[in-house]
Every structure is written in C-alpha cells, then in structure tokens.
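Step one of this worksheet: look at the structure below.
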Amino acid sequence: MERKKKHNHQQIPRFPLHCSSLLLLALLSVSSISSTSAQAFDYGDALKKSLLYFESQRSGRLPYNQRVTWRDHSGLTDGLEQGVDLVGGYYDAGDHVKFGLPMAFTITMLSWGIIEFGDQIANAGELEHALEAMKWGTDYFIKAHTSPNVLWAEVGDGDTDHYCWQRPEDMTTSRQAYKVDENNPGSDLAGETAAAMAAASIVFKKTNPHYSHLLLHHAQELFEFGDKYRGKYDGSVGVVKSYYASVSGYMDELLWAALWLYEATDREEYLKYVINKAHCFGGIGWAISEFSWDVKYAGIQIKASKLLEKEKDKQNIHILNQYRSKAEHYLCSCLNKNINASNNIERTPGGLLYIRQWNNMQYVSTAAFLLTIYSDFLRDSNKKLDCPAGTVDHKEILNFAKSQVEYILGSNPMNMSYLVGYGSKFPTRVHHRGASIVSYRENKGFIGCTQGYDNWYGRHEPNPNVLVGALVGGPDCQDNFMDQRDNYMQTEACTYNTAPLVGVFAKLLHLEDNREGDLVASS
C-alpha cells in the first residue's frame, strides 16, 4: 500500500541543488535546439483547461453548473464531529485531505493572477470561471475562520488517507478536523489565509462589494491573530508535519499578509509592518531561489519592489530598495544571470528550471508567474533588470517565462504536454484517486479502501477519467518522465501547480491575439 510523505522538504535552499555535470552542459545546446522547434500553442485552450482542473478538486456539495461531470458530492459531513461546518474547499492533490496552507496559497495565486491579468482573462471569456474557482476557496475559509482567534487548519489526515485508494465520493477515511487558536498558534497558516482573503477582496471590490468587505474583515482578524499569537502551525497540528511542514517558518507569511492587506486597504500601518519587520523577519535577508506554498520571500520581495514607484518616504524607499535587490537575485537566478553559477537555478538539458525532484513543476509555474509580472512592471516603468552577468530588458524576461510555459505545453525532449488534457500527448496515469477509478456517476457501487488498490491502483491502462488542466510534477533533471500511477513524484498534480498559470496563459493569449492583429493590419 502506498505510504508517502509527499511534500516535506529538508531545507530552504538559499541556492538551488545541482544534479548537472559538464556532460549536461555539453548537451544543453543540442537538446534545446532539437526540442524547441517552432510550435503554435493554443493558450486559450490551456487557460480554459487550467480552470476546469479546480472543478475536479472540489470538495463538498457540487453546484448545478459543475462542468467536470465524473465528480460528485463528497465530504458532506466534514466538521460534524467538531460541531462546525467545514464542508467545501479543495483537495490539494490526488488524495482527500483538505490542507489549509497549500489551499490558501492556491487562492492567493489565483487572486493575484486575476488582479494582474483580469482583463485578459475576461477577454478570453474565462473570468467567471476564474472567479468561481477563487470563491470556492474563500467561501471555505470564511467557514473555517469560526472566531477571531480560531482557524480550522485541516480536515482528514494524510496517514489514514494514504492507506486507502478510494474515490472522494466513497471516503471511509478519518475526517478529523484540526484547528489553530491562541493556545495552539499557527501564524503561517493564519498569514497565508489572510493574504488569500485580502487578495480576493481586491478582486471582488467592484463586482461584489459586500463579499469583498466580508473577506477583508476576515483577513484583518486573521492577520492580527497570527501576529499576536506567534508560532508555526505544524507545531500545533502535528499530523501535517509529514506532508506540509512549514520549513520556512511563519515570518514570510506575516510579511506576505501585511503586503496584501496594504494593497487591499491602503492603510499605512500595514506598510510600516513590512518596513519595520523587513530585517528581523528575513524579508531583506533571504536571497531565495524558489517561490512556493511554503517559501514566500521571492513573492514578497517582488510585491515590495513594485511599491517603489509610488513611495515618497525616504526611509521606506531605502528598505524597499533592499527588498528589490533580493527580488532581483531571484529573477537573475531564474534567468541564469548571476556570475557565480551556484547562485543560478539549475536547468534540465531541455531548458526547464529545476529545483528538486519532487513535484518540480510547482516551482516552474510560480517562476513563470513572477517573471511575467516583473516583465510588465519593467515595461510600464521603462526600466531594465541589472543582473551581475548582464542587463536584461522586459522582453527577454517575458520570453524566458514563455519558454517555461512552452516546455510545460509540449516543447520538450519528451514532446509531452505536462498539462493534462492539453495537446495530443499528455500523462494518462496521473496519481489521483478519483481520476484513476471508474466515475461515481457511472458506477455508484461502493469501492472500499483496499479494493481501490486491488482493482484500480496497479492497472496499466490509462485513468478512466481525464484530470483536465492538472499540471503534474513533471520530468527529472534529465528531462525524463515515466507516466506511471505509482510514480507520484512525477505524476501527482496539485492545485498550487496550476494556479499561477491561469494569469500567465491569459497574458500569453493576449500577446498572441495582438500579434496576429498586427500582422493582419500590416498585410
């Protein structure tokens, strides 16, 4: 039976790990040339499919307009034992635990994508679906935040969940719920959930002001709770340690939340928090080469950099410049523009950013997102990025982000799309309980805990249900990928892998449409 500790990492890398050799460097140019033949990418299709994925991951009572029809209601008694309604939210990956920290990061990234690229998403006809995906998460957070200093952190637990291979509709595993409160703090979880709700409040400000106000109220309370009662949530909720341990601690999430609250409220107290805590909370100390559900520093540094254009206070400018310096280290490390090679993020021979073997694509999608928004920032402010190994303009940054997206969509040595359901060749044995077992809508006969392992897990055939829009973990450091259900390091997908791509797909679609329009006009 499968027992995996799937998301724990050993350390926060200041600089990336390496598995390359001189041989790889020699092969780099050859592989890059052979694998990146001119392909046309349908970013509109990729955008549509990326948003469908979130419907596959829904927990709770599914709505009348549910488009992913192989799914049905699940987790309808979540929270009942604890006397609280915790129905809803998202399953983070191929299992059925509702983990608060990665779920909140997923919603923050969806919201950020809509804030930056909402017009482009709307032009593609997908804004309503993007808002629905976001709101499915924020509705759950409102339920989970039952009082100012109580936030429900998790429903279910990984250990019992991983002993079973069942559809979510058949779940017999524990649905024990776990919370953080004054006596059992979780500043990282409270901070990320505050960030998600503050970011979402910005999105809903014009179209749904009442809901926006409600989200902002929860965000402010959660930030105060996380800041006043400080501690790591995995110290309070021990069952999460093997799955989503908070390796980076809680200081990055508190800075992150304060930045989002400043954007949502324009209140100086939140900016002062980001300025005053910059040094002691590591905001201007850590030069980090990843941005993830755990490690927020690169995102913080890029958001803080963007405040420089409007800032008047000299003291603030001094600190914000230090944030920008660290942001630029991250960007230059993605672009391979630091002089010391160990300060650059490793790449596979086919050109993919490579951080670590387990679910590497999560770091690729977040990098593509941060590079894309910083490219826009440089274009709008008429500036360039000065890296130790050379100056880069906004077009070069965007082109590199685009190269990562193209790799994901099929321009790679395997000629495979790692976005499930996109293109002619994609992973068909995704490590996902619901997708790998006959749909509940087709066969309502109960499938038990071990029955799923016996009859479905080991099957060589493709999954009966296609997990459209899922971004799987992806290839290894040599661009190799094995499409096997038990190869969960590579074939499991997560909500926070796909979330950053929503905005990037919309941006690239917009550029493609404009380019085609320009060509028509010139002819």
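The values are calculated or read from the model by the stated rules, or taken from the named source; none is laboratory data. From a predicted model like this one, the values you see are computed outputs, not experimental measurements. Please note: Cβ atoms are built from the backbone with ideal geometry, for glycine as well, and neighbour counts cover all protein chains shown. The accessibility values were calculated without ligands, DNA or RNA, using every heavy atom of the protein model including side chains. Shrake-Rupley method; radii C 1.70, N 1.55, O 1.52, S 1.80 Å.
Data table
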{"item": "Estimated dipole of the chain in Debye, rounded to 20 [Cβ of Lys and Arg +1, of Asp and Glu -1, Cα centre]", "result": "500 debye"}
{"item": "Exposure of R515 as accessible area (Å², to 10), given a probe of 1.4 Å and all protein chains", "result": "130 Å²"}
{"item": "The chain: DSSP helices with Cα axial extent of at least 27 Å and average Kyte-Doolittle hydropathy no lower than -1.0", "result": "100-123, 209-228, 314-334, 361-381, 495-522"}
{"item": "Shape category assigned to the range 92-131 from the gyration tensor of Cα positions, a/c cut at 1.5", "result": "prolate"}
{"item": "Options M361, T450, S342, ranked by Cα towards positive dipole end of the range 43-515, top entry (Cβ charges)", "result": "S342"}
{"item": "Of Y43, G118, L352, farthest towards positive along the dipole that unit charges on Lys, Arg, Asp, Glu beta carbons give the chain", "result": "L352"}
{"item": "Solvent-accessible heavy-atom area per residue, rounded to whole Å², over the chain at 1.4 Å", "result": "37 Å²"}
{"item": "Carbon and sulfur %, accessible surface of the range 50-187 computed with the full protein complex present, 1.4 Å", "result": "49 percent"}
{"item": "For A153, residues with placed amide H under 5 Å, excluding near neighbours", "result": "Y178, K179, V180"}
{"item": "Over 24 Å between alpha carbons, listed pairs K205/K306; K241/K303; K205/K277; K272/K312; K143/K306; K143/K232", "result": "K241/K303; K205/K277; K143/K306"}
{"item": "Separation of alpha-carbon centers, the range 268-309 and the range 390-428, rounded to whole Å", "result": "28 Å"}
{"item": "Distant-in-sequence amide H partners of C387 (H built 1.01 Å from N, under 5 Å)", "result": "V392"}
{"item": "For the range 463-479, 3J(HN,Hα) per residue [Karplus equation, 6.51 cos²θ - 1.76 cosθ + 1.60, θ = phi - 60°, Hz, x = Gly/Pro]", "result": "4, x, 10, 8, 7, 4, x, 6, 9, 6, x, x, x, 7, 6, 10, 6"}
{"item": "Separation of the V150 and S342 label points, Cα + 7 Å toward Cβ, nm", "result": "5.0 nm"}
{"item": "Solvent exposure ordering (accessible area, 1.4 Å, most first) of S305, S403", "result": "S403, S305"}
{"item": "Percent accessible area from carbon and sulfur atoms, the range 210-310, protein chains only, probe 1.4 Å", "result": "51 percent"}
{"item": "Distance between the range 325-374 and the range 93-138 - C-alpha centres, whole angstrom", "result": "23 Å"}
{"item": "Sequence-distant residues sharing a close amide H with V472 (under 5 Å, placed H)", "result": "V420"}
{"item": "Residue among N316, L80, S292 farthest towards the positive dipole end of the range 43-515, charges placed on Cβ", "result": "N316"}
{"item": "Expected 222 nm ellipticity per residue - DSSP helices of 4 or more, -39500 (n - 2.57), all of the chain, to 500", "result": "-15000 deg cm²/dmol"}
{"item": "Accessible-area composition of the range 372-456, carbon plus sulfur, in percent [1.4 Å probe]", "result": "44 percent"}
{"item": "Mean-position separation - Cα centroids, the range 449-517 and the range 156-207, in angstrom", "result": "22 Å"}
{"item": "Under the Karplus curve 6.51 cos²θ - 1.76 cosθ + 1.60, θ = phi - 60°, whole-Hz ³J(HN,Hα) for the range 79-93, x wherever Gly or Pro sits", "result": "x, 4, 4, 8, x, 9, 8, 10, 6, x, x, 10, 7, 6, 8"}
